[in-house]
There are 2 protein chains.
Amino acid sequence: MLSLNIEEHTVGIVGLGLMGGAFAYALRRLSARRILACDISAQTLKAAQKEGCIDEAFLKTDAMLGQCDLVFFCLNPAIVTHVIRDSMTLFKHGALLTDITGIKLPIVQALEPIIRPDIDFIPGHPMAGSEKGGFECAKQCSFLNKNYILTPLAHNKPEHIQFLKQLIYRMGFSRITETTAHDHDKNIAFTSQLCHIIASALIHCQQNTAITHFGGGSFEDLTRIALLNVPLWTELFLENRDNLIEQITCFEQSLDLLKQLINTNNEPALKEILDTVRKRRSAMAEQQR
Amino acid sequence: MLSLNIEEHTVGIVGLGLMGGAFAYALRRLSARRILACDISAQTLKAAQKEGCIDEAFLKTDAMLGQCDLVFFCLNPAIVTHVIRDSMTLFKHGALLTDITGIKLPIVQALEPIIRPDIDFIPGHPMAGSEKGGFECAKQCSFLNKNYILTPLAHNKPEHIQFLKQLIYRMGFSRITETTAHDHDKNIAFTSQLCHIIASALIHCQQNTAITHFGGGSFEDLTRIALLNVPLWTELFLENRDNLIEQITCFEQSLDLLKQLINTNNEPALKEILDTVRKRRSAMAEQQR
């Protein structure tokens, strides 16, 4: 079992993009004993060393992972399972691993059966991304008051879950939700992937870029996330396909209902629905507190 | 013709809600000679007088309008045409009128034929609303760097348009677009009404209010405007029905295309569209500068 004190641990970060970088800065603030980072870009590693948020840089995981008590895998969904699987012999005895991938079931299904018995892998998803990607934006990526989802595995040590949760709260996150990988993927298809699809469809159906001269905030807010990291989001959409299709269909039905009420000039029914919507959105805001 | 100096004018505000109140504060900052306001709520008028943003308060327009060189009508779409029509004998000779209504064609069609020849009515739409309504939120309603649309009528005096534009810029707005009522309604159906319908549909299709525990910003941004002023937005949706239905249909087609590409796992086509979307959203952001 790991000691509960991050100041005694060597932490490894695999993938020093927006989130990996943000973890490096956060762990530095919490005085982690040593922070090692691995990335395919020598330039990124150099920048991180210059910033002082990592102690040692690696272009490959081989020499790094054996030193780490705790490892954050901050990689795209398409490669994270491969990298963890291929690293299985490299991990330090008793190490704690976690990831940040936006879909969880494919990762849990691929890794749960093959994780070394002495290793604890607690899948996670920090809800703190941004439309701005890359290590150069990591310093501005705030964890303050953000949500974090953990989807612990049956064999995870409770004290490791506790340790990770405490660390997450200390990094600034305000709520940790523990759920199953299945429910995570279902819910995230709604709050995250559906919203990105809607924003993309909204931009797709409007070719006049000067339309923003008619903007009053709504359009800008709805489509900020259309500035997406295309390879990452393509992976997320396709990996969570069934849940996402279900959510799109459900949204289409609500949209069509509103359309019909407008088209038939049904003022009372429209008002009733909008009233329900307003109250529900208010109740949702209460849940965010 | 009006003098170009707001310090020489008596300004009337009919309807002291969020926008009417925001205009009162802005005109006070610009040292308008006198600011008169009319509202059906004595409590609101009292609050405004206490705040010092109006000089005189009226529960009816009768005694007020004859004094005003410039009048802002800040009323819901359903009543604005009636109020202006019923006030036609009351206006001061040579007065300049404007409104803030979110749809323009029905208003222009109703009023253009009956405006007194000595009066100039320049229809307008400040894109500076908020999901928070009422005079009590007016002080926080910022005009800074917001858009303003004017849909001038054929007989508007160019010097009055110039005067109003100068005043709008001095109040903090950064871009004024002049267009026809027809094009305003078409464009606004997209940037404003469609966005509110999407936000409402997104809340309508999700009954679990604790879903916000899975939020990472996208969902919150997309649905902030679902906290809508139900009577106002019902009017806007129904008054601009044809344009809105057209925009919803267009959006549905884009959404369905994305859905089909995800459902058929068509990664190359999906990436191509998302790339286009990203570039177009970027170009739109450039247009906002």
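The values are calculated or read from the model by the stated rules, or taken from the named source; none is laboratory data. All values reported here derive from a predicted model rather than from experimental measurement. Virtual Cβ from ideal backbone geometry, glycine too; neighbours counted across all protein chains shown. The area values use the complete protein model at the heavy-atom level, side chains included, leaving out ligands, DNA and RNA. Shrake-Rupley method; radii C 1.70, N 1.55, O 1.52, S 1.80 Å.
Could you list all residues from the stretch B:39-57 that are assigned to a loop (DSSP other than H, G, I, E, B) and of a type in the set (Val, Ile, Thr)? Across the stretch B:39-57, the qualifying residues are B:Ile40, B:Ile54.
Among the conditions (1) closer than 25 Å to B:Asp185 by Cβ; (2) in a helix (DSSP H, G or I); (3) not hydroxyl-bearing (Ser, Thr, Tyr), the only one that B:Leu228 does not satisfy is (2). Checked across the stretch A:136-149, the condition of being crowded, with 22+ Cβ neighbours inside 10 Å, in contact (Cβ under 8 Å) with a residue 12 or more places away in the chain and among the β-branched types (Val, Ile, Thr) holds for at least one residue.
Being among the hydroxyl-bearing types (Ser, Thr, Tyr), under 26 Å from B:Thr177 (Cα atoms) and not in a loop (DSSP other than H, G, I, E, B) is a property that holds for B:Ser282.
This table checks each residue for (1) under 24 Å from A:Met64 (Cβ atoms); (2) away from chain B (no Cβ under 14 Å).
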| position | (1), (2) |
| --- | --- |
| A:Leu105 | no, yes |
| A:Pro117 | yes, yes |
| A:Gly124 | yes, no |
| A:Met127 | no, no |
| A:Gly133 | yes, no |
| A:Tyr148 | no, no |
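Whenever a residue of the stretch A:236-263 is more than 7 Å from chain B (Cβ to nearest Cβ), its partners that are among the aromatic types (Phe, Trp, Tyr) and open to solvent by less than 60 Å² (accessible area, probe 1.4 Å), lying with C-beta atoms within less than 8 angstrom and at least six residues away or across chains, give the pairs A:Gln247/A:Phe190. The test for being in contact with a Pro (Cβ under 6 Å, 6 or more places away or on another chain) and more than 7 Å from every other protein chain (Cβ to nearest Cβ) does not hold for B:Glu220. For the stretch B:116-175, a tally of residues being farther than 19 Å from B:Gly21 by Cα, under 16 Å from the mean Cα position of the chain (by Cα) and small (Gly, Ala, Ser) returns 1.
Please tell me if A:Ile273 is within 7 Å of chain B (Cβ to nearest Cβ), touching a Lys or Arg at 6+ places or on another chain (Cβ under 9 Å) and not in a loop (DSSP other than H, G, I, E, B).
No.
Within the stretch A:3-38, the set of residues being touching a residue at least 24 places away in the same chain (Cβ under 8 Å), open to solvent by 20 Å² or more (accessible area, probe 1.4 Å) and in a loop (DSSP other than H, G, I, E, B) comprises A:Leu4, A:Gly17, A:Leu30, A:Ser31, A:Arg33. Condition check for B:Ala78 on (1) at pLDDT 95 or above; (2) within 23 Å of B:Leu232 (Cβ to Cβ); (3) not hydroxyl-bearing (Ser, Thr, Tyr): one failure, at (1).
Entry remark, the stretch B:193-217: residues being out of contact with any Leu (no Cβ under 9 Å at 6 or more places or on another chain) and either buried (at least 24 other Cβ atoms within 10 Å of the Cβ) or within 7 Å of chain A (Cβ to nearest Cβ) (or both) number 10 in total. In the stretch A:115-129, the residue that is most open to solvent (accessible area, probe 1.4 Å) out of those that are in contact with a Gly (Cβ under 8 Å, 6 or more places away or on another chain), in contact (Cβ under 8 Å) with a residue 40 or more places away in the chain and in a loop (DSSP other than H, G, I, E, B) is A:Gly129. In the stretch A:60-114, counting only helices (runs of 4 or more DSSP H) that sit wholly within it, the ones holding 1 or more residues that are in contact with an Asp or Glu (Cβ under 9 Å, 6 or more places away or on another chain) and closer than 21 Å to A:His184 by Cβ span A:77-86, A:105-111.
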